[in-house]
1. Ranked from highest to lowest mean number of other Cβ atoms within 10 Å per residue, what is the order of the peptides 212-223, 182-193?
2. Enter the accessible area per residue of region 187-242 (Å², integer; probe 1.4 Å; all protein chains in place).
3. Taking a threshold of 22 Å on the Cα-Cα distance, which of the pairs K100/K159; K84/K126; K132/K213; K100/K132; K132/K256 fall above it?
4. How far apart, in nm, are the 7 Å Cα→Cβ label points at A162 and D179?
5. Leaving out ligands and nucleic acids, and using a 1.4 Å probe, what accessible area per residue does region 81-138 come to in Å²?
6. What are the ³J(HN,Hα) values, in whole Hz, obtained from phi via the Karplus relation 6.51 cos²θ - 1.76 cosθ + 1.60 with θ = phi - 60°, for each residue of region 120-133 in sequence order, with x given for Gly and Pro?
7. Lys and Arg at +1, Asp and Glu at -1: add these up for the other residues within a Cβ distance under 11 Å of M220 and post the number.
8. Using 0.36 nm per residue, how much length does the chain from D241 to A120 gain when fully extended, once their Cα-Cα distance is taken away?
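The values are calculated or read from the model by the stated rules, or taken from the named source; none is laboratory data. Keep in mind the model is a prediction, meaning the values are calculated, not measured. Positions of Cβ are backbone-derived with ideal geometry, glycine not excepted, and every protein chain shown enters the neighbour counts. Note: areas computed on protein heavy atoms with side chains; ligands, DNA, RNA excluded. Shrake-Rupley method; radii C 1.70, N 1.55, O 1.52, S 1.80 Å.
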Amino acid sequence: MSTHDPHSSFIKTPQQLITVVVLSFLVPIIGIVMLVELVTSGPGADPNALTAESISARLKPVGKLEFGAGGGAAGNRSGEEVVKATCATCHQAGVAGAPKIGDRNAWAPHIKEGLPALVATALKGKGAMPPKGGNASLTDDEVARAVVFMANQAGAKFKEPAAKPQAVQAATAKPAVADGKTVYDGTCTACHTTGVANAPKLGDKAGWAPRAKQGIDALMQSVLKGKGAMPPKGGNAALSDAEVRAAVEFMLSQAK
């Protein structure tokens, strides 16, 4: 018959009892220390992460769209040149409901109207689009070429108007108007009338107050160089500095 007692303890000596008691304290403590170390041992913060340069780099847009004047002579610019310099301001991104370049579905109903109707709308302006897309220096033929270029990118088969001889262009060219309101109506109204992309609305005293404090010279630099969503000279590279200044002064006068 077996003499083993199944209820007997494995601790047989005082030394074994001391060892068990010590381990019962040490094991939980070691486990807690290891857990705390694991939680608090994440990668250290970069000391340069909060510098102005680092913050600026993280906030920098992934890309930007730049607009420039076309390379052709005034009155003889191609449709593509006019689109890149003027029309892309709205038609590239679809600002204020403008049909995007290459969007066949958006352009389909416009193409059905026919080229004469499209050109007439572009010349006179419609909705948020100012006359000639805000570039008063464009000739009627240049506007027509731009319309043809955009429509054809969306499936139309319109023919671009041919360039006129230089003598004819000189005889039909219209002098640029340097009146502030005229410049506003032709260029600035596209954004400042409805507040597109947080542009201060015309006549909004609260919106214009902090800008007025900067002074006309500081505002001029922002407009000439572009700022935020606003491209240089409001997207109309043909404007002279005097015309830009007149437009800025007009908008400031409306917010007094």
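1. Ranking the peptides 212-223, 182-193 by packing returns 182-193, 212-223.
2. For region 187-242, the solvent-accessible area averages 55 Å² per residue.
3. With Cα atoms farther than 22 Å apart: K132/K213; K132/K256.
4. 3.7 nm
5. 52 Å²
6. Taking θ as phi minus 60°, the curve returns 4, 5, 5, 6, 8, x, 7, x, 7, 7, x, x, 6, x Hz for region 120-133.
7. Result for the local shell: 0.
8. 40.6 nm
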